[in-house]
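Structure, as C-alpha cells:
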Amino acid sequence: MKPRLFPLFVAALFASTPALAHSTSDAGGGFVTGFLHPILGWDHVAAMIAVGLWGAFLGKPAVWLLPVTFPLVMALGGAAGAAGVPIPGIETGIAASALVIGLAVLLAARPPLAVAAIIVAFFAIFHGHAHGTEMPAAISPLAYAAGFVIGTGLLHLCGIAFGVLTRSKAGTVAVRSAGGVIAAAGVGFLTGAL
C-alpha cells in the first residue's frame with residue numbers, strides 16, 4: 001500500500017458503524033463490525049481476557065493452547081449461529097464463562113491441560129454463537145468473521161500480557177486478583193447487575 005493512501009485506508013476502517021454486542025438489528029458492517037463486537041461487549045472482554053490470564057498462569061503449552069482453542073471453537077459456534085442453529089442459554093453461557101474462568105484464575109486452578117481446553121472450548125461455543133447470529137446481516141460475513149476472531153485474539157493477548165506478571169510473587173497476586181474481579185463481573189452479568 002502506498003504511504004499516502006494509508007490515512008484514507010484508516011479513515012475507511014473507522015467509518016463503519018460499530019457493533020452493539022448481541023443486537024442483530026445493528027449488524028450491517030464487515031471487518032470493523034466483527035472486530036468491535038467482542039471489544040464493545042464487556043461480557044466478552046472479561047471472558048476473553050480471563051482465557052489469556054489463565055493460559056499465562058498455567059504456563060506452556062496452555063499459554064498458547066487456550067487462546068488458540070477459544071477462537072477456533074468460537075468460529076464453530078459462529079457458524080452454528082449464522083446457520084440459525086438454536087443453542088439455549090447463550091447469554092447465560094457467556095456470563096458463566098467470565099465467572100468460571102475468572103474463578104479458575106482466582107483459585108489458581110491447575111487442571112490437566114485437556115480439561116482446561118475443554119472448559120475454554122465449551123464457553124467459546126456461546127461466544128461464537130452470539131457473534132454468528134449477527135453474521136448473516138453483515139455486508140461481508142467472511143470479513144465480519146475475520147474481524148471477530150482477530151478482536152478475540154487481541155483480547156486474549158491482553159490477558160496473556162497481564163498474565164506474565166505471574167513470574168513474580170506480587171504479580172501472581174495481581175493476576176489472581178484480576179481473576180477475582182472477572183469472576184465478580186461474571187456474577188454481575190448473570191444477575192443482570194452489569
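Taken together, the values in this text are just the output of simple stated rules run on the coordinates, not laboratory data. Quantities reported herein were computed from a predicted structural model and do not represent experimental measurements. Every residue, glycine among them, receives a Cβ derived from its backbone with ideal geometry; neighbour counts consider all protein chains shown.
Which residues' amide hydrogens lie under 5 Å from the amide hydrogen of residue 30, considering only partners 5 or more residues apart or on another chain, with H built in the peptide plane?
Under 5 Å from the amide H of residue 30: 139, 140.
Which order, highest average first, do 129-135, 107-113, 81-87 follow once you tally other Cβ atoms within 10 Å for each residue and take the mean per peptide?
129-135, 81-87, 107-113
Got a sec to turn the phi values of segment 57-68 into Karplus ³J(HN,Hα) couplings, 6.51 cos²θ - 1.76 cosθ + 1.60 with θ = phi - 60°, whole Hz, x for Gly and Pro?
Couplings: 4, 6, x, 5, x, 4, 4, 10, 5, 5, x, 8 Hz.
In sequence order, what are the phi-derived ³J(HN,Hα) couplings for segment 118-124 according to the Karplus relation 6.51 cos²θ - 1.76 cosθ + 1.60 with θ = phi - 60°, rounded to whole Hz, with x for glycine and proline?
Coupling constants for segment 118-124: 5, 4, 4, 5, 4, 6, 4 Hz.
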